[in-house]
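Novice: Starting off with a structure, shown below.
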Amino acid sequence: MRAGGGAPLPLRIAARLLPADAREEVLGDLLEKWVGEVRQRPWLGRLLWAWRQPWIALLARLRYGHRPVARGARFTRVRPGFSLLDWKLGFRMLIKFPVLSLVGGVSLTTVIGLGAGAYHLTKQFLWPSLGLEEGDRIVRLEHFDVASRTGREIRLEEFVAWREKLTQVGELSASRTSRRTLVAPGSVDGGVRSAVVTVATVTASTFPLTRVRPWRGRVLTEADERAGAPDVIVLGHELWQEQLGGDANILGRELQLGRERVTVIGIMPEGFAFPSSNDAWTPLRLGELDPFSAGIAVFGRLAPGASLESARAELSAVGGQTAAEVARRSGELTTASTGDSVQPLVQSRVLRFLEPRDIAFGDLLGIAFGVFLFLLGVAAVCTSVATLVFARTAMRESEIAIRTALGASRGRIAGQLFVEALVLVLIAAGVGLGVAQWAIKYWMSGAIDPSTETLPFWRRDSFDLGTVLVTVGLAAFGATVVALLPAVKATGGSMSESLKSTSAGGSSLRFGGVWSVIIVFQVAMTVLCLPFGVGFVRDNWRAQLAGASFPAERYLAFGLAVDPSSVVGPQTPRALSLELAERYEALSRGLEGEPGVEAVTFGTGLPGMVGSYADFELGSSAPNSVQTVRTWARPVSVDVRYFDVMGLAIVAGRAFTPADLGATNGPIVINESFAKELGENPLGARVRAPPTNANVRRGLSTENEPGPWFEVVGVVRDMGTAATGPDLGGAANVEDRMTFHPAAPPVSPFRVYVKTAEPAELAPRLRAMAARVDPGILLIDPMPLDVAIDQSHRLELITALAGSGGVFLCVLLCSASLFALMAVAVAGRTREMGIRIAIGAGRPTVLSALFGRVLLQLGAGTLVGSVLFVGMAVIVLTDGGPGIGQLTEYVSGPLLMVALVMMLVGLSACVVPARRALRITPVEALRD
Amino acid sequence: MARERFGELEERVILSLLQLGGESHAVPVAERLTRVTGREVSPATAFMVMRRLEAQGFLTSSVGEPDPVRGGRPRRTYRVVKKAILPILRESRREMLALWEGLQPMLDKP
């Protein structure tokens, strides 16, 4: 372009704001006007005229700058930047560049899917919704113990009084939940299914309260609540489908529920599990129960015109009177005298059924920071994909130059590139949304983590409109990032340069400083994340690959509980414990009489299968000696015959004997991993549980005092069923540290292990036998022990697979970007290399000129990533972890390996472009 | 489908061009419009309008010799394609006259 030619600055600016083909002529016109007339005006007039021209030029461009498609168009209008052709072209590009489509698509699918899933789960956690009609008016009523600041159970008599007196809360309902054994019609021996189900015993008002109608049959009515009425049950849709095979004739049929026979009167719609995660509903018969019995949950709906505040005020008054009346008759205290005043010990309060979570400002900041980090991650991935898209754009430079020459504006070309990116991102978003939806449904179905099966009904597994909109927003954000940089670069240069370069077989597009920063950042992030990723994946795979040190396939494992309704007399925790112990004795006697059964034992679980960590402090055999060293382990309560029945070898000391039950020295057996913590001779060492929150929750200590001392009497071989502990890279600690405590039945949770040659065959016989022994016995998930171990490791397997995929994707994306960088670098320097080769330059010289920049970027990225990694490792590993010596050992190996891998990956990505560069002939390079 | 009418500024530019003998470059057109309407029109605006009319086939253009007054830049002269514009101008004038019909006495009143 010609220089300004002496034109005043504003006129030159005005010309720059016009389309390229109009600039010179308009500048000439403006200069002509300036010289001929304006220059004669006073200085202010000249100034004003001149500085108005840029604005006028901009407005003229906006209003008249676009060219109509052809003569004869009826009305001129601003055409949108996209057309159907762009979308078609976008799909064609996907097919034409399959590697980019695959690498970019998978990367975008991953981040968008993660975003959708994270948004859904966060929303479920922070802002749950019942999903019932006017669900925000459903409230729960509860007692609050002022002294202990915990909930206090509501008695039936109080509920009856509230139902009569409260006016601000209507449709008052009560519920009591228990686990029961449900046996389908027919004979148990005939192979009919039985299952442990969660049953809510509710007042009939529960159903009108939810405003949910039955899917089939009817719901409970007041007639069903009366004493002596026939026993009936309403089934949940899932129970009917999964346990009763969706039997169309189920209404009116009889089922065995614990010790009762109940008639099915209705089926609720899919997803209904009010008030939490119930499978079925039976009537709560107030007349048949002890009015002082407790353990009920009370719900209601705010009456028309009532507010939460008015309901609270009313219950505060009514609840106090009722509690005092009930307490007077039962002899309990409900108030305490403090000097002249009388303070209530128990408060009655009304809360929303789903009380909005109280989010502190710090939490909000945390959420905002998390969102920021996630968007940064999305931007990083999108930028990597943008690198690939830019390389693709560089290969199409001639096409873009010709389109520009034919009259396509910069906006039009940018619009086309945006649509092409949008096609890729939208497909990725669709797949990501689908995969995330499937993953959440799979997870919430209990297939990975059985505890998710009992999630309350308002924890939905289906994405709602909000999640879809967030995904669309993420896709738009991603498409903008992916398209923006390539579009700006591709349309920012001179058309004539582009045409010249493309006719010479080269490219005028260059990766500039921004791209160098991107590549360095990308390599650095890969170097930073890979060692952690590799370590994480290694640990999870090791858990998968580790085999049990005992023949797990020869054991049948199941949980044992008792149906409270089958207990005669008061259902106190102690009474239930005694019942459970008695029924275990009866069941184990029966089992040991079964053919093929060798022995029966029990425990709270196997390593890695159950239990949380507890804190311990170490002592020694010397009395009153306490080391300040604290450690952690998983405590397990076991039968005294446990090691013998499970075939676990005692490597030092002894196993338990019946005399250890209740022994004053608190004998324990520890596993080999824990024994290593205690030095060469762990026998006689003492450990105890300090007063930490975890220990208080487990009942191992009180809030202020440590628990009793335990003396190590034996060391058992590691079971080989658990992952490593939290020691990073600690090859010595292959298994969690364990403490085994002798116990008499029952323990909680109560898991029974039956040694038998064919556990899979024993499982159905076990159910039949349990039903014969006592229908009140609850058998929970009987299955061969090896299957149970595999199931408990499923989460680790999924994590290992996902982690492996993530690491692979990280390396793939990084190498693809480097490949793209090299491909464009070669394309851009075709002519230069041809000339160099023509005048006799050797291959090494050409390659070093070409790859110097890539090597520099690889080196800089590796260096930055290594420094960051070492910094993070110092923080992570020295904060309560191993010392600096082990740190060096841990850091140096993986880091060197990853740095080497990155250099290899980067150089491998350069091989194909390098070969292409060396094949360029001088004739090819110089043709023009 | 044939175009029915020009935009207001387009029509004024075309009429100015016709008044200037059917051909001119942007500066005289802009100056004439400024003088007649009393509202300043920039040569840049006049140029962009004529450029667009050319793209639609209502004008043709040619580039002259470099002019020192214009910093050595050539002048682009636009010419009216009468066959294309006259039917639209006729229709536009007819419409305007029809709209004004009978209103002259009202305008003549003091």
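Rule-based calculations on the coordinates, nothing more; no lab input. The shown structure was predicted, so the numbers you read here are calculated from the model rather than taken from an experiment. Cβ: placed from backbone, ideal geometry, glycine included. Neighbour counts: every protein chain shown.
Novice: Give me the inter-chain shielding for B:13-26: mean count of other chain Cβ atoms within 10 Å, whole number please. Don't skip to the end; give the middle numbers.
Specialist: Working: counts 0, 0, 0, 0, 0, 0, 0, 0, 0, 0, 0, 0, 4, 7.
The per-residue average across the peptide is 1.
Novice: So, R0 is 56 Å and r is the distance between the beta-carbons of residue A:121 and residue A:9; what FRET efficiency does that work out to, to 0.05? Walk me through the numbers on the way to the answer.
Specialist: Working: r = 57 Å, r/R0 = 1.02.
Efficiency computed from Cβ-Cβ geometry: 0.50.
Novice: Another question, then. Please give the contour-minus-distance gain from residue A:92 to residue A:410: 0.36 nm per residue of separation, less the Cα-Cα distance, rounded to one decimal in nm. List each step's numbers first, then the result.
Specialist: Working: separation 318, 0.36 × 318 = 114.48 nm, distance 2.17 nm.
Difference between extended and current length: 112.3 nm.
Novice: Let me ask another. Using the beta-carbon distance between residue A:438 and residue A:781 and R0 = 30 Å, what value does 1/(1 + (r/R0)^6) give for FRET efficiency, to the nearest 0.05?
Specialist: Numbers: r = 24 Å, r/R0 = 0.81.
Taking R0 as 30 Å, the efficiency between residue A:438 and residue A:781 is 0.80.
Novice: Pop a pseudo-label 7 angstrom from the Cα along the beta-carbon direction at both residue A:253 and residue A:165 and give the gap in nm to one decimal.
Specialist: Once both label points are built, they end up 4.7 nm from each other.
Novice: Compute the FRET efficiency between residue A:649 and residue A:598 as 1/(1 + (r/R0)^6), taking r as their Cβ-Cβ distance and R0 = 22 Å, and round to the nearest 0.05. Mind showing how you got there, number by number?
Specialist: On the way: r = 18 Å, r/R0 = 0.80.
Computed FRET efficiency for residue A:649 and residue A:598: 0.80.
Novice: Kindly put A:555, A:584 in sequence by how many other C-beta atoms sit within 10 Å of each C-beta, fewest to most.
Specialist: Values: A:555 27, A:584 20.
Listing A:555, A:584 from fewest to most nearby Cβ atoms yields A:584, A:555.
Novice: May I pose another question? Pull out the extension gain between residue A:696 and residue A:52, defined as 0.36 nm times the separation in residues minus the alpha carbon to alpha carbon distance; nm, one decimal. Can you show the working numbers first?
Specialist: Working: separation 644, 0.36 × 644 = 231.84 nm, distance 7.78 nm.
Contour length minus the Cα-Cα distance gives 224.1 nm.
Novice: Which length gain, in nm to one decimal place, applies between residue A:227 and residue A:349 when the Cα-Cα distance is subtracted from 0.36 nm times their residue separation?
Specialist: 40.9 nm is the gain from fully extending residue A:227 to residue A:349.
Novice: Here's something else I'd like to know. Where both partners of a DSSP beta bridge lie in the range A:193-277, what percent of those bridges are antiparallel, to the nearest 5? Intermediate results must be reported in sequence, preceding the final value.
Specialist: Working: 6 of 10 bridges.
Restricted to the range A:193-277, the bridges split so that about 60 percent are antiparallel.
Novice: Fewest Cβ neighbours within 10 Å first, please rank A:9, A:44, A:141 accordingly.
Specialist: Fewest-to-most Cβ neighbours within 10 Å comes out as A:44, A:9, A:141.
Novice: Taking the number of other C-beta atoms within 10 Å as the exposure measure, put B:48, A:738, A:897 in order starting with the fewest. Numbers along the way, then the final one.
Specialist: On the way: B:48 27, A:738 24, A:897 13.
Result, fewest neighbours first: A:897, A:738, B:48.
Novice: Moving on. With each pseudo-label sitting 7 Å past Cα toward Cβ, what's the residue A:472-residue B:83 distance in nm, one decimal?
Specialist: 5.1 nm
Novice: So, one more: If I fit a long axis through the Cα atoms of helix B:26-37 and take the longest principal axis of the Cα atoms of chain B, what angle between them do I get, 0 to 90°, rounded to 10?
Specialist: Once rounded, one gets 30 degrees.
Novice: Once label points are set 7 Å from the Cα along Cα→Cβ at both residue A:85 and residue A:717, what is their separation, rounded to one decimal in nm?
Specialist: Rounded to a tenth, the inter-label distance reads 7.6 nm.
Novice: Additional query: Roughly how tilted is helix B:43-55, in degrees to the nearest 10 and between 0 and 90, from the longest Cα axis of chain B?
Specialist: Once rounded, one gets 80 degrees.
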